[in-house]
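Asks: The structure that follows is given in the form of structure tokens.
Just so it is clear, none of the values below were taken in a lab; they were calculated from the coordinates. Computed from a prediction, not measured in an experiment: that's the story for all the values here. Glycine also receives a Cβ, built like all others from the backbone with ideal geometry; neighbour counts cover every protein chain displayed.
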Amino acid sequence: MEILIFLALTLVVVIAYRVWRTRPNSQVYRRPKTVSDLQARSLRSEYRGRASSEKPATGSSTAESQTRLISGRAYVVDGDTLTISKTQVRLFGVDAPEMNHPYGQKAKWAMVALCKGKTVYAEITGDDEYGRTVAKCTLEDGRDLSAELVKQGLALDWPKFSEGAYTSLEPDGVRKKLWLADARQKGRLHVWEAYEARQAERRKQS
């Protein structure tokens with residue numbers, strides 16, 4: 001009889017323990033998460049968020065994301081051409097006479113005087129038909145080199161490219177003075193050819 005009572009009590013205890021273990025609000029001991037566990041979860045979550053938000057835009061390119069500004073001391077090639085940080089730059093929106101044309105040497109030395117000892121900032125706007133880099137060039141004090149040369153009467157505004165940005169700065173009569181540059185803008189290449197022929201004939205005679 002005593003054995004039966006003992007077995008019954010044991011069975012009751014076992015059942016009671018199992019019921020207690022399966023209760024919804026039972027507080028079963030679990031190993032707390034370590035700092036490394038929490039950090040790993042945080043990093044995974046951050047990575048997923050960044051991966052979804054940093055997809056490249058359609059049509060974007062590496063070239064478009066690169067800086068379009070170069071700066072440094074300028075080596076003057078001619079009136080409207082500079083070399084800055086090993087990049088040859090054509091001044092935006094203006095046309096200066098060629099070195100072998102009237103006022104070509106003067107335009108170059110005027111540009112040398114403007115740039116001497118100064119940092120030139122070139123904001124690249126594109127390339128010309130010959131593949132040369134075109135840029136709007138300014139000095140440290142904000143002066144636009146294209147504008148400065150036009151104001152001195154040593155370059156012409158080129159409306160085809162500047163949309164007339166420097167036309168108002170041209171001194172009176174400057175297009176007659178720089179008639180070869182004016183002819184180039186108007187597509188009158190025969191004027192250039194005639195001038196070059198005369199120069200060649202003079203060289204032969206001298």
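Asks: For residue 192 and residue 87, what is the calculated FRET efficiency with R₀ set at 30 Å and r taken between the beta-carbons, to the nearest 0.05?
Replies: Working from the Cβ atoms, E equals 0.60.
Asks: Sticking with the crude label model, points 7 Å out along Cα→Cβ, report the distance from residue 129 to residue 167 in nm, one decimal please.
Replies: The two pseudo-label positions are separated by 2.1 nm.
Asks: Ranked highest first by the average count of other Cβ atoms within 10 Å around their residues, in what order do 74-80, 188-194 fall?
Replies: 74-80, 188-194
Asks: On to the next question. I need to check one value: relative contact order of the range 65-205, counting alpha carbon pairs closer than 8 Å and at least 6 residues apart, in percent.
Replies: Computed value for the range 65-205: 22 percent relative contact order.
Asks: Return the percentage of antiparallel bridges among DSSP beta bridges fully within the range 65-205, rounded to the nearest 5 %.
Replies: Roughly 90 percent of the beta bridges in the range 65-205 run antiparallel, per DSSP.
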